[in-house]
Amino acid sequence: MKYFYKFLLSVFMYSKIIKNMNENQIEAITSNNKNLLILAGAGSGKTRVLVNRIFWLIKNQNISPKSILAVTFTNKSSKEIYNRINKLIKFNINDIWVGTFHGLAYKMLYLNSNNKNFQIIDKNDQIYLIKSITKKLNLDIKKYPPIKSMYYINKIKNLGLYSKDYVDMNCSNEFNNKLLYIYKIYQKECYKHCFLDFGEILISANDFLFKNPVVLKKYNMQFKYILIDEFQDINNIQYKWISTIKNKNNKIMVVGDDDQSIYGWRGAKSEFIQKFIFDYPDTKIIRLEQNYRSTGNILFAANELINNNNNRIKKKLWTQKKNGELISIYSAKNEIDEAVFIVNYIKIWKYNGGLLNDFAVLYRKNIQSNILEKILLRNNINYEILNSINFFNRIEIKLIIFYLRFILNNNDNISFLKIINTPKRGIGINTINKINEISKKYKISLFKAVYKILKYKILKNRQFLNLNGFFILINEIKKKIINLKLYEQINYIIQKIDLFLMYKKKEDFKIRINNVYELIELSKKFYFENIKETEILKLFLSNIILNNDNIDIKKIDSVKLMTLHSSKGLEFNQVFIIGMEEGIFPNKFIINSKSLEEERRLAYVGITRAKKKLILTYTKSRYLHGKNIFPIPSRFIKEIPKKFIKKIENYKIIL
DNA sequence: GCGGAGACCCTTTTT
DNA sequence: GGGTCTCCGC
């Protein structure tokens, strides 16, 4: 009897899972093949397939949630998957390992490594550190810009390599040799400080598994099902990590679309799709080519555009939907006219009872949102910018974070230098030079050098008093906050350093104070039972960098503004793509053909975000970087056949 | 040591 | 245009 009910239940579940699914989707969800490659076109229900497969595994195949590893690239999509599964399955959801490559690699390290004192550093910290190294090596900052060095280092890290393992093709080149040397010193500094940059998280996690066969075996056994989203965006070190975790018994499903590979500059190679088939010859390939998102004209136009790329796995998306409206193109006088046109269009829509949520405006680079913002504000239209300046990168927030980081680890020289004289306490360049000198001489951290300077009275008078004041302040904070909750710690630091006083005279005082309160609110939510406060602080600091989109999108009706890159995975009824001009999109730095194909894929991603209406705009004149330029329309416009296009000549102005 | 004025430089996408 | 760096006067 018991078995019969179980059988009935599984039949019921099965019908629920496959409801409204097409044949290929059902196959992808329920396949028992060991290695699966799902070639999923834009809008083909890829996330639904992924989520429902997890659901099917748990409910129909009785797979334990903890046996499932689901990897994504962005926090946005990992959250999306988490939430959707959460709706379907109410219990043990947290046992599923779902997250980004970086998040999961960090989790693995944190749970298993004896050393939990690593501090994750972001791009800005990297640049700051590299800059100080470049100076220390007496290299010209202009000849060796820290940003360039950082890209060079990260490029090699994405291959999973250290400076000693990397052979530069231009190794006879003095310049590249120096960069490699900067990498070497940079890595040394990172080890010294227990810093993990993004690349290092993956390298370390991979190395750790190699060096700890017991842990590796544990995960080999545990993860019976591995699912990877956006596989076209995978890079060397990520592929290595997955290959390490996978053994011959576990089942893997990768989902990807080479036409949507837009992260080549981050080391992503869609060729890994082919490599996957080569490495696992028994891979079953399932194609999802029915598009459920866009109307015919939009979809066919996108197909035609992407067909101009040579290096791609050929596929043809189709839809059952009607052709719908033609793609509109507006040729604006300048960037102001472009923004006015868009806002005007949106206003008319709203006036006729439409929602602002229907609209997204996509652009190639972030500065393009400036004028648009102004015009939207002037017309009282709600808007939200997705992924603009990161909340945790605002200076007032960063400062608090640097204090927390420093309190946690006094040897963290980066945060030391960030807080030593902020707020101003009369510690200037001379004092800091002295600290640097002592630290170098005795090979001790900057903070220990401060202690030495004070103990032996190396500095005198005002310099001594000011430095002593800082030393006392830090020790006071350290002593006091040890038993406080995270949010109380933050509160205490704010009071102690008189943070608000710093911004009192500034006009953006209110915004900054609100940001600080928002941080406190966030930290209140950050709480785990049975974990010490110092551990919570460590996790909080890592989490801030790994999940940089912590601030929830507000639910008010608003127009969404974002870059083409961050639009991936989203959909909107009406989409504007602005600045369709040679030099802007495709970007002027991209002349060689391989990157041009990536720009075209980016255009493809943008176009396929639209469900019902797509509007492309370009300007005849644009004020950029203090100069007027006169761009010509983007080649991507010309690549869309005329039969899909309608030009907007005049429009009614209601502004 | 601090803060303001002016020079100079660079313009992309993100975990 | 705007962010960063440098120089100079207080």
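Residue A:564 passes every criterion in (1) touching a Leu at 6+ places or on another chain (Cβ under 7 Å); (2) away from DNA strand B (no atom under 14 Å from the Cβ); (3) under 29 Å from residue A:310 (Cβ atoms) apart from (2).
Close contacts from the range A:558-579, counting a first residue that is closer than 19 Å to residue A:382 by Cβ and a second that is part of a strand (DSSP E or B) and near DNA strand B (Cβ under 10 Å from one of its atoms), with Cβ to Cβ under 7 Å and a gap of 6+ residues or different chains, come to A:578/A:363.
A Cβ distance below 7 Å, combined with a sequence gap of six or more or placement on separate chains, defines the contacts here; from the range A:149-164, residues that are within 18 Å of residue A:134 (Cα to Cα) and in contact (Cβ under 8 Å) with a residue 60 or more places away in the chain reach no residue that is among the basic types (Lys, Arg) and outside any helix (DSSP H, G or I). Mind checking whether some residue in the range A:508-523 is modelled with pLDDT of 75 or more, of a type outside the set (Val, Ile, Thr) and touching a Leu at 6+ places or on another chain (Cβ under 8 Å)? Yes: the range A:508-523 contains one or more residues that are modelled with pLDDT of 75 or more, of a type outside the set (Val, Ile, Thr) and touching a Leu at 6+ places or on another chain (Cβ under 8 Å). Could you check, for the range A:44-56, whether at least one of its residues is more than 14 Å from DNA strand B (Cβ to nearest atom), part of a helix (DSSP H, G or I), farther than 18 Å from residue A:230 by Cβ and modelled with pLDDT of 90 or more? Yes, some residue in the range A:44-56 is more than 14 Å from DNA strand B (Cβ to nearest atom), part of a helix (DSSP H, G or I), farther than 18 Å from residue A:230 by Cβ and modelled with pLDDT of 90 or more.
In the range A:57-82, the residues that are without any contact (Cβ under 8 Å) to a residue 60 or more places away in the chain form Cβ pairs under 6 Å with partners that are within 16 Å of DNA strand B (Cβ to nearest atom), at six or more places apart or across chains, as follows: A:78/A:72; A:78/A:98; A:78/A:99; A:78/A:100; A:82/A:98. Screening residue A:421 with (1) at pLDDT below 90; (2) in a helix (DSSP H, G or I) gives one miss only, at (2). Name the single residue, out of those in the range A:133-182 being within 12 Å of DNA strand B (Cβ to nearest atom) and in a loop (DSSP other than H, G, I, E, B), that is surrounded by the most Cβ atoms within 10 Å (Cβ to Cβ). Within the range A:133-182, the match that is surrounded by the most Cβ atoms within 10 Å (Cβ to Cβ) is A:144. Checking the stated criteria, residue A:649 turns out not to satisfy the condition of being among the acidic types (Asp, Glu) and touching a helix residue (DSSP H, G or I) at 6+ places or on another chain (Cβ under 8 Å). Considered as a group, the residues in the range A:614-628 that are surrounded by fewer than 23 Cβ atoms within 10 Å (Cβ to Cβ) and away from DNA strand B (no atom under 13 Å from the Cβ) include one that is farthest from residue A:325 (Cα to Cα), and that residue is A:621.
Residue A:369 falls short on exactly one of the conditions (1) part of a helix (DSSP H, G or I); (2) small (Gly, Ala, Ser); (3) free of Cβ contacts under 8 Å to residues at least 60 places away in the same chain, and that condition is (3).
Restricting the range A:88-117 to residues that are within 14 Å of DNA strand B (Cβ to nearest atom) and assigned to a strand (DSSP E or B) leaves a set whose member that is surrounded by the fewest Cβ atoms within 10 Å (Cβ to Cβ) is A:100.
A count restricted to the range A:333-346 and to residues that are within 16 Å of DNA strand B (Cβ to nearest atom) and of a type in the set (Lys, Arg) stands at 0. Could you check residue A:69 against (1) aliphatic (A, V, I, L, M); (2) under 16 Å from the mean Cα position of the chain (by Cα); (3) part of a strand (DSSP E or B) and say which number it fails? Result: residue A:69 fails condition (2) only.
Screening the range A:347-371 for residues that are at pLDDT below 90 and of a type in the set (A, V, I, L, M, F, W, C) and picking the one that is nearest to DNA strand B (Cβ to nearest atom) gives A:367. Among the residues of the range A:570-613, those identified as within 14 Å of DNA strand B (Cβ to nearest atom) and among the polar types (S, T, N, Q) are A:587, A:592, A:595.
So which of A:292, A:263 ends up being more than 15 Å from residue A:315 (Cα to Cα), within 16 Å of DNA strand B (Cβ to nearest atom) and among the aromatic types (Phe, Trp, Tyr)? It would help to see each step written out before you state the result.
On the way: A:292 fails: within 16 Å of DNA strand B (Cβ to nearest atom).
From the options A:292, A:263, the qualifying one is A:263.
Report yes if residue A:590 is more than 16 Å from DNA strand C (Cβ to nearest atom) and without any contact (Cβ under 8 Å) to a residue 40 or more places away in the chain, otherwise no. The answer is yes for residue A:590. Considering every residue within the range A:267-279, establish whether at least one is part of a helix (DSSP H, G or I), farther than 29 Å from residue A:56 by Cβ and within 16 Å of DNA strand B (Cβ to nearest atom). No: the range A:267-279 contains no residue that is part of a helix (DSSP H, G or I), farther than 29 Å from residue A:56 by Cβ and within 16 Å of DNA strand B (Cβ to nearest atom).
If only residues of the range A:575-585 that are crowded, with 22+ Cβ neighbours inside 10 Å and not small (Gly, Ala, Ser) are counted, the one that is farthest from DNA strand C (Cβ to nearest atom) is A:575. Within the range A:214-266, track down each residue that is touching a strand residue (DSSP E or B) at 6+ places or on another chain (Cβ under 7 Å) and aromatic (Phe, Trp, Tyr). Scanning the range A:214-266 gives A:223, A:225, A:231.
Against the condition farther than 21 Å from residue A:624 by Cα and buried (at least 17 other Cβ atoms within 10 Å of the Cβ), how does residue A:356 come out, does it pass? It would help to see each step written out before you state the result.
Values: farther than 21 Å from residue A:624 by Cα: yes; buried (at least 17 other Cβ atoms within 10 Å of the Cβ): yes.
Yes: the conditions hold for residue A:356.
Between A:85, A:120, A:130, A:81, the distinction of being within 16 Å of DNA strand C (Cβ to nearest atom) and surrounded by 18 or more Cβ atoms within 10 Å (Cβ to Cβ) belongs to A:130 only.
Residues in the range A:121-132 that are assigned to a loop (DSSP other than H, G, I, E, B) and either within 9 Å of DNA strand B (Cβ to nearest atom) or among the charged types (D, E, K, R) (or both): A:122 only. Among the residues in the range A:395-416, are any part of a helix (DSSP H, G or I), over 26 Å from the mean Cα position of the chain (by Cα) and within 16 Å of DNA strand B (Cβ to nearest atom)? Yes, the range A:395-416 contains a residue that is part of a helix (DSSP H, G or I), over 26 Å from the mean Cα position of the chain (by Cα) and within 16 Å of DNA strand B (Cβ to nearest atom). For the range A:611-633, the set of residues classified as part of a loop (DSSP other than H, G, I, E, B) and away from DNA strand C (no atom under 16 Å from the Cβ) consists of A:620, A:630, A:631, A:632, listed by residue number.
The values are calculated or read from the model by the stated rules, or taken from the named source; none is laboratory data. From a predicted model like this one, the values you see are computed outputs, not experimental measurements. Note that we place each Cβ from the backbone using ideal geometry, even for glycine, and neighbour counts take in every protein chain shown.
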